[in-house]
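Everything on this sheet refers to the single structure shown next.
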Amino acid sequence: MPESFPAASPLWAAHVHGDRRPFLLARNRIVAALRAFFAAADFIEVDTGALQISPGNETHLHAFATTLAAPDGTASQLYLRTSPEFACKKLLAAGERRIVEFAKVFRDRERGALHHPEFTLVEWYRVGEPYRVLMDDCAAILAKAAEAAGTKHLTFRGRAADAFAAPERLTVAEAFTRFTGIDLLATLPGGEPHRDGLARAARAAGIRIADDDGWSDIFSRVLVEKIEVQLGIGRATILDGYPAVQAALAKPAADARVAERFELYACGVELANGFSELTDPVEQRRRLEREMTEKARIYGERYPLDEDFLAALAAMPQACGIALGLDRLVMLATGAARIEQVLWNPLP
């Protein structure tokens, strides 16, 4: 398949669409294969709303805002969702046990080879099951996507991963030690982040640190610059046991310094983020408020909390859930170079 299309020509030009069409048809086959996979596992496909009171409350996610005008002219602010998570968890509280959504989501300040302001998440939840079952789901989905695309390997920028090989399982702490020599858990005494300790270790590993970088900023910089590019080479990697301070919606693990949260990588590309769901509304409120305080510090803005979501948590059973970037999965299965190649109608 071709690696790129002429940027100077409009996407509706016949020759440009002709170049992109094989990627798009492969996308359709992959979507059909995933829908069949979830149907066979007794998942109910849901379709939640894109307009929400809160778009999500993670520090570094940026949303599109809009105004809702009532018939009497009263105006209120709504947001395009960055994820269907809050709505899906309300459905779990209502009694659903296995749900999946192929959700259009929207994130501002994101544009690049792997990012687009509008994209698709495949998000699914299992009630009463351990979060590691999601890892098995991920392995099966990689194989299903590759099979639908007619390939055995996922590829991106010269890197390749066997789509049918069992993923490597690696903890975040192990990855920091292996690729940077940093003892990550030593910078989390009692579960609280020790900023200066991580800063010293990161500088020793060759990471440039700004004076106003917090622990989470440094963690993310080390992960992006030194670790992510090493993951999912030859076979996929499941990176498990994220620090609890990096898992605002996840349940703590037996070691309270980390959470029952993992991410899936292939070819150095993050594909999915899954975890055991936190169901304590008081603790969840505390965490989301902390995220919004940090967002206000860094970006000068905050988003409202979804009070209906917090109320629903009190009725929500123990569950695990995960969001997978469909467009990135299609890219890796088809060998596409940019996300626009696998979107039917991307922004110009």
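The values are calculated or read from the model by the stated rules, or taken from the named source; none is laboratory data. Keep in mind the model is a prediction, meaning the values are calculated, not measured. As a convention, Cβ positions derive from the backbone with ideal geometry for all residues, glycine included, and neighbour counts pool all protein chains shown.
Tell me, please, whether a residue that is part of a strand (DSSP E or B), under 25 Å from Leu24 (Cβ atoms) and not acidic (Asp, Glu) can be found in the range 272-294. Looking for residues that are part of a strand (DSSP E or B), under 25 Å from Leu24 (Cβ atoms) and not acidic (Asp, Glu), one finds at least one in the range 272-294, hence yes.
Quick check: anything in the range 243-250 aliphatic (A, V, I, L, M), farther than 29 Å from Ala65 by Cβ and part of a helix (DSSP H, G or I)?
yes
Select from the range 12-23 the residues that are surrounded by fewer than 16 Cβ atoms within 10 Å (Cβ to Cβ) and either at pLDDT 95 or above or farther than 24 Å from Thr155 by Cα (or both) and list them in ascending order. Show your work before the answer.
Here is the first cut: in the range 12-23, the residues surrounded by fewer than 16 Cβ atoms within 10 Å (Cβ to Cβ) are 12-15, 17-18, 21-22.
Selection gives Trp12, Ala13, Ala14, His15, Arg21, Pro22.
Across the range 63-107, the qualifying residues are those that are part of a strand (DSSP E or B) and in contact with an Asp or Glu (Cβ under 7 Å, 6 or more places away or on another chain), and the one among them that is surrounded by the most Cβ atoms within 10 Å (Cβ to Cβ) is Glu101. When the range 28-62 is limited to residues that are closer than 30 Å to Thr293 by Cα and among the small types (Gly, Ala, Ser), the one that is surrounded by the most Cβ atoms within 10 Å (Cβ to Cβ) turns out to be Gly56.
Would you mind finding the one in Asp47, Asp42 that is outside any helix (DSSP H, G or I), at positive phi and at pLDDT 95 or above?
Numbers: Asp47 fails: at positive phi.
On inspection, the qualifying residue turns out to be Asp42.
Would you check if Glu123 is modelled with pLDDT of 95 or more and in a strand (DSSP E or B)? The answer is yes for Glu123.
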